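The values are calculated or read from the model by the stated rules, or taken from the named source; none is laboratory data. None of these values were measured; they are calculated from a predicted model. In this analysis, Cβ positions are derived from the backbone assuming ideal geometry, glycine residues included, and neighbour counts consider all displayed protein chains.
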């Protein structure tokens, strides 16, 4: 059962190169009227921004891994220079996780996380979370924060954790060091302008991260968050007939059934960019709530999510830690899908942990370029 892994997520990671502007295309509705006034002039949404000179000073004397800047194109995400080798702990290639990456919760706890928002569909999810009194973690795209500041502030004031998902939602290993700085700092600045708090944690789009990206992010004071359960809700948004909501729900139901024997808790990947994914979020939350204690990522990992200290989010009383638990490797959940999961092998550094099935492997076979192309619009 645990030998199958994130079939659709693997497709998106290995067979899709999302267009830099796809986020704006996917969420093209006009922004609602707002009285919020930004003091900063922000870059264009969906476009890789330019870093401020003072931000680049932060990485000037920092030791950064000499990993290459990977090319993307021809319908593919980043590809390893030498197939089967991963000298820089690249999650896309081998599912490699560094010791400070957050990616799971302790046994009995589950963190619901939602990427790519806020969007015009987010308030429906906020309303439901208020109703059931569950706190979650939102990984927000910078351009969306600027477009929907009132929604951003509402999520924050409701006690949810806000973290970053970069400014333009590009593969981070395909960016230069300077571009990585710009993506994270503009994202941070947008959230801080709205909430008054600077986020400490970020999720790389598509989970695409290696040691070079980690080193640059660490120099800026940021820590990555991945996941160990992928709902693949984006596949339903892209191909609802091929991947119906019932398919997502059945997989989540199995995760809940496995809870008593699970050695660790979950951090699940979901999205609040589309009406369809918000509907799925509302549909599956009660299933997980019956099997796990639902808490935000920062709470289950006992870390402070903001650089500025305490916020409106409920925080743990114990001393915080900057690193994720690494006592055991993350075991990938089984996800039923209309095709057979490819066989993969992980090659990782000795100081890292990795899902034993190799989450996010590149270079695997896909269900088809049709769903892969559509997934390019469904931002991970």
Would you confirm, using the coordinates I've provided, whether residue 167 is assigned to a loop (DSSP other than H, G, I, E, B), closer than 18 Å to residue 270 by Cα and modelled with pLDDT of 95 or more?
no
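Here are some residues: 102, 58. Which one is on the phi < 0 side of the Ramachandran plot, surrounded by fewer than 19 Cβ atoms within 10 Å (Cβ to Cβ) and modelled with pLDDT of 95 or more?
After applying the criteria, what remains is 58.
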Taking the condition outside any helix (DSSP H, G or I), within 14 Å of the chain's Cα centre (by Cα), farther than 30 Å from residue 51 by Cα and touching a residue at least 60 places away in the same chain (Cβ under 8 Å), does residue 104 pass?
yes
Please give the number of the condition residue 179 fails out of (1) closer than 30 Å to residue 63 by Cα; (2) part of a loop (DSSP other than H, G, I, E, B); (3) out of contact with any strand residue (DSSP E or B) (no Cβ under 9 Å at 6 or more places or on another chain).
(2)
Is it true that residue 225 is more than 18 Å from residue 115 (Cα to Cα), within 19 Å of the chain's Cα centre (by Cα) and surrounded by 24 or more Cβ atoms within 10 Å (Cβ to Cβ)?
no
Scan the range 166-186 and give yes if some residue there is surrounded by fewer than 24 Cβ atoms within 10 Å (Cβ to Cβ), under 18 Å from residue 114 (Cα atoms) and out of contact with any helix residue (DSSP H, G or I) (no Cβ under 8 Å at 6 or more places or on another chain), otherwise no.
no
In this structure, does residue 84 turn out to be farther than 16 Å from residue 213 by Cα and exposed (fewer than 14 other Cβ atoms within 10 Å of the Cβ)?
yes
What helices (runs of 4 or more DSSP H), lying completely within the range 235-346, carry at least 2 residues that are more than 25 Å from residue 97 (Cα to Cα) and either over 18 Å from the mean Cα position of the chain (by Cα) or modelled with pLDDT of 95 or more (or both)?
245-257, 275-291
Only one of these conditions is not met by residue 130: (1) within 23 Å of residue 259 (Cβ to Cβ); (2) without any contact (Cβ under 8 Å) to a residue 40 or more places away in the chain. Which number is it?
(1)
Every residue from the range 212-234 that is part of a loop (DSSP other than H, G, I, E, B) and in contact with a strand residue (DSSP E or B) (Cβ under 7 Å, 6 or more places away or on another chain)
222, 226, 227, 228, 231
Of the residues in the range 192-203, how many are more than 20 Å from residue 58 (Cα to Cα) and touching a strand residue (DSSP E or B) at 6+ places or on another chain (Cβ under 8 Å)?
2
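Residue 209 - would you say it is touching a strand residue (DSSP E or B) at 6+ places or on another chain (Cβ under 8 Å), part of a loop (DSSP other than H, G, I, E, B) and surrounded by 22 or more Cβ atoms within 10 Å (Cβ to Cβ)?
yes
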The listed residue being in a loop (DSSP other than H, G, I, E, B) and buried (at least 16 other Cβ atoms within 10 Å of the Cβ), out of 38, 42:
42
So how many residues does the range 89-99 have that are surrounded by 24 or more Cβ atoms within 10 Å (Cβ to Cβ) and part of a loop (DSSP other than H, G, I, E, B)?
4
Quick one: which helices (runs of 4 or more DSSP H) lie wholly within the range 107-161 and hold at least 2 residues that are crowded, with 24+ Cβ neighbours inside 10 Å?
142-147, 149-157
